[in-house]
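Engineer: Questions regarding the structure given below will be posed in turn.
The values are calculated or read from the model by the stated rules, or taken from the named source; none is laboratory data. These figures come from a predicted structure and were not determined experimentally. Note that each Cβ is placed from the backbone with ideal geometry, even for glycine, and that neighbours are counted across all protein chains shown. These area figures cover heavy atoms from the full protein model, side chains too; ligands, DNA and RNA do not enter into them. Shrake-Rupley method; radii C 1.70, N 1.55, O 1.52, S 1.80 Å.
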Amino acid sequence: EKGIDLSITQDYKLAKDNELRFEVESNARVKLDLLEGSAEVFGTELVRSRSYIFESGAKIAVFTWFGCSVKLSGKVEASYVSKDTPMVIYLNTHAAVEQLRKSAEQDDIRGPRVLVVGAQDVGKTTVCRLLLNYAVRLGRKTTLIDIDVGQGGVSIPGSVGALTVERPADPVDGFDLKVPLVYHFGHTAPNGNIKLYETLISRLADVFNAKCDYNKQVKHSGCIINTCGWVKGQGYQCILHTAQSFEADVVLVLDSERLYNDLKRDLPDFVNVILQPKSPGVVERPREARRDNRENKIKEYFYGPRKIYFPHAFNIKFSEVEIYKIGAPSLPDSCLPLGMEPENTQTKLVQVTPGRDMTHHILSLSMAESLDENLIETNVAGFVVVTNVDPDNQVFSVLSPAPRPLPRKYFLIMDIRFIDINK
Ligand code: ATP
Ligand code: MN
């Protein structure tokens, strides 16, 4: 309970279908206790035997279906109780999706694949979490497909991945991220490399289909696909590509009538496109908040939540590894070899000679054992961040969640940098 100002406490009595919303001030922590009744945080039920401690920057809603009282201790920013929530609508969506899982089970066909789309800050990630939590509470093993490279839902920003959810998210720490399947992208926005982004989405769909072929429970439980808020122009094309790759059955559009109409027009008739409101509780995040979130995600990857781990620091000889960047600088069309399309350069591997400019960059360690495997479409074992490069001695230093030795030798370099200020 370190860092919680216990002299500030407030009790709240919530009537049924109400929600308490609060934010934690920067450099503060807030403790939440359930005193009476039942309540949930984004679909995870709270228990009375535990105090929930939220870190600075957290934006939380405590919702109750039947009424409850809770206590908040510590410096809370903007806390209020609201009756105005779309939770009943979301619960009905869950019920409809669950019906599809039941039929899938009966006929042994693929369960529902739900694509969640909408502009920035409409609660997409939260709705995904809610639907996954409600599914797992019924014993389903639904897979979260996260292609929001800006926030990194199943790993760090700059990656995409899949995670089969086998227990509800922790109200504080979110889903258990021990065994996600992760792919390197390298940028914080899809337009960093559209061709690669679409390649990875197709790859994730193939891998998920393969998993469905050998695991019936995973097959019937379906998936929930979380996307980023880029819905215009090429971003819209990416949404169509995702729906096609995964053969989405349901597309849940949050808040945007325009996007809803466009998708209804452009997707085949068997796709169930539905428009739903966003929660008035969703908090808009300015650019800086997004950047801070990203940085926190990366910090958490190395140090664990609340810095409960300590990463390993070691040197790697240039000769021990090979580092590649995905995407060659694009050439003017006139310089391209005959028959080569310009966009092919976007998924070309280019070997990088280690140099000082690599400092602070994140490297993904590919699971590939040889270059015969397609590095771009091979999942990664994890990430390291380069803390120093010493060209004279031909070594570079890294921070890594795992100790030496490296299980593989091929690295992919990200555009994304992380400056470790914990040292
Ligand atoms: P992005 O476009 O960045 O991906 P998003 O559409 O996924 O955003 P969320 O991340 O789900 O939006 O929500 C934005 C913020 O609002 C999050 O910090 C989340 O915890 C908070 N939030 C969501 N729903 C509520 C609510 N009902 N009450 C209070 N806070 C909420
Ligand atoms: Mn999101």
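Engineer: So what's the angle, to the nearest 10 degrees on a 0 to 90 scale, between helix 257-266 and the longest Cα principal axis of the chain?
Structural biologist: 60
Engineer: To the nearest Å, what is the center-to-center distance of the stretch 64-119 and the stretch 126-179, using C-alpha atoms only?
Structural biologist: Between the Cα centres of the stretch 64-119 and the stretch 126-179 lies a distance of 14 Å.
Engineer: Probe radius 1.4 Å, ligands and nucleic acids ignored: give me the carbon and sulfur share of the accessible area of the chain as a rounded percent. Kindly include the intermediate steps, with their values, before the conclusion.
Structural biologist: Details: 9690 of 20120 Å².
Of all accessible area on the chain, carbon and sulfur atoms account for 48 percent.
Engineer: Follow-up. As an exercise, use a Förster radius of 56 Å and the Cβ-Cβ distance of Asn27 and Leu338 to find the FRET efficiency, rounded to the nearest 0.05. Could you put the intermediate results ahead of the total?
Structural biologist: On the way: r = 60 Å, r/R0 = 1.08.
With a Förster radius of 56 Å, E is 0.40.
Engineer: Residue by residue, what Karplus-based ³J(HN,Hα) values in Hz, rounded to whole numbers, does the stretch 409-420 have, using 6.51, -1.76 and 1.60 with θ = phi - 60° and x for Gly and Pro?
Structural biologist: 10, 9, 10, 10, 8, 8, 6, 6, 10, 9, 9, 7
Engineer: Return the long-range amide H neighbours of Glu77 (sequence gap of 5 or more, or a different chain), with a cut-off of under 5 Å between placed amide H atoms.
Structural biologist: Close amide H contacts, sequence-distant or interchain: Glu23, Val24, Glu25.
Engineer: What do you get for the angle between helix 287-303 and the principal long axis of the chain? Use alpha-carbon atoms, 0 to 90 degrees, nearest ten.
Structural biologist: Here the helix axis deviates by roughly 80 degrees.
Engineer: Still on this structure: Leaving ligands, DNA and RNA out of it, work out the accessible area of Leu132 with a 1.4 Å probe and give it in Å² to the nearest 10.
Structural biologist: 0
Engineer: Additional query: Spin-label point model (7 Å from Cα, Cβ direction): what's the Gln234 to Lys348 distance in nm?
Structural biologist: Those two pseudo-labels are separated by 1.7 nm.
Engineer: Here is a further query. When the helices in the chain are scored as -39500 (n - 2.57) per DSSP H run of 4 or longer and the sum is shared across all residues, what 222 nm value do you end up with, to the nearest 500 deg cm²/dmol?
Structural biologist: Working: 7 runs with 102 residues, N = 423.
Dividing the helical sum by the residues of the chain leaves -8000 deg cm²/dmol.
Engineer: Scan around Asp255 for amide H atoms under 5 Å from its own, H built in the peptide plane at 1.01 Å from N, and keep only partners 5 or more places away or cross-chain.
Structural biologist: Gln276, Lys278
Engineer: Which order do Glu320, Glu40 take when ranked by solvent-accessible area (1.4 Å probe, heavy atoms of all protein chains), largest first?
Structural biologist: Values: Glu320 65, Glu40 5 Å².
The residues order as Glu320, Glu40, largest area first.
Engineer: Quick one: if the Förster radius is 51 Å, what FRET efficiency do Asp266 and Ser319 give, using the C-beta to C-beta distance and rounding to 0.05? List each step's numbers first, then the result.
Structural biologist: Working: r = 51 Å, r/R0 = 1.00.
The formula returns an efficiency of 0.50 here.
Engineer: Here's something else I'd like to know. Tell me the per residue accessible area of the stretch 252-358 using a 1.4 Å probe; a whole number in Å² is fine.
Structural biologist: On the way: 6990 Å² over 107 residues.
On a per-residue basis, the stretch 252-358 sits at 65 Å².
Engineer: Once the Cα atoms of helix 234-246 and of the chain are each reduced to a long axis, what angle between those two axes, in degrees from 0 to 90 to the nearest 10, is obtained?
Structural biologist: For helix 234-246, the angle is close to 80 degrees.
Engineer: Label-point separation (nm) for Asp170 and Asn393, each offset 7 Å from Cα along Cα-to-Cβ?
Structural biologist: Reported label-point gap for Asp170 and Asn393 is 3.7 nm.
Engineer: How far, in nm, would the chain grow between Asp5 and Arg291 when pulled straight, counting 0.36 nm per residue and subtracting the alpha carbon separation?
Structural biologist: Values: separation 286, 0.36 × 286 = 102.96 nm, distance 2.71 nm.
Length gained between Asp5 and Arg291: 100.2 nm.
Engineer: Taking 0.36 nm per residue of sequence separation and subtracting the Cα-Cα distance, how much length would be gained by fully extending the chain between Lys178 and Ser79, in nm to one decimal? Provide the component values of the computation, followed by the final result.
Structural biologist: Working: separation 99, 0.36 × 99 = 35.64 nm, distance 3.28 nm.
Stretched out fully, the Lys178 to Ser79 stretch lengthens by 32.4 nm.
Engineer: So for Cys228, Cys223, what's the accessible-area order with a 1.4 Å probe, most first? Don't skip to the answer; put the middle values down first.
Structural biologist: Values: Cys228 20, Cys223 0 Å².
Correct descending sequence by accessible area is Cys228, Cys223.
Engineer: Could you pull out the pairs from Lys325/Lys409; Lys232/Lys297; Lys211/Lys297; Lys141/Lys195 whose alpha carbons sit more than 20 Å apart here? Intermediate values should be presented prior to the final figure.
Structural biologist: Numbers: Lys325/Lys409 14 Å; Lys232/Lys297 26 Å; Lys211/Lys297 27 Å; Lys141/Lys195 31 Å.
Going by Cα-Cα distance, Lys232/Lys297; Lys211/Lys297; Lys141/Lys195 fall outside the 20 Å limit.
Engineer: How do Glu322, Glu257 stack up against each other in accessible area, from largest to smallest, with a 1.4 angstrom probe?
Structural biologist: If we order Glu322, Glu257 from most to least accessible, we get Glu257, Glu322.
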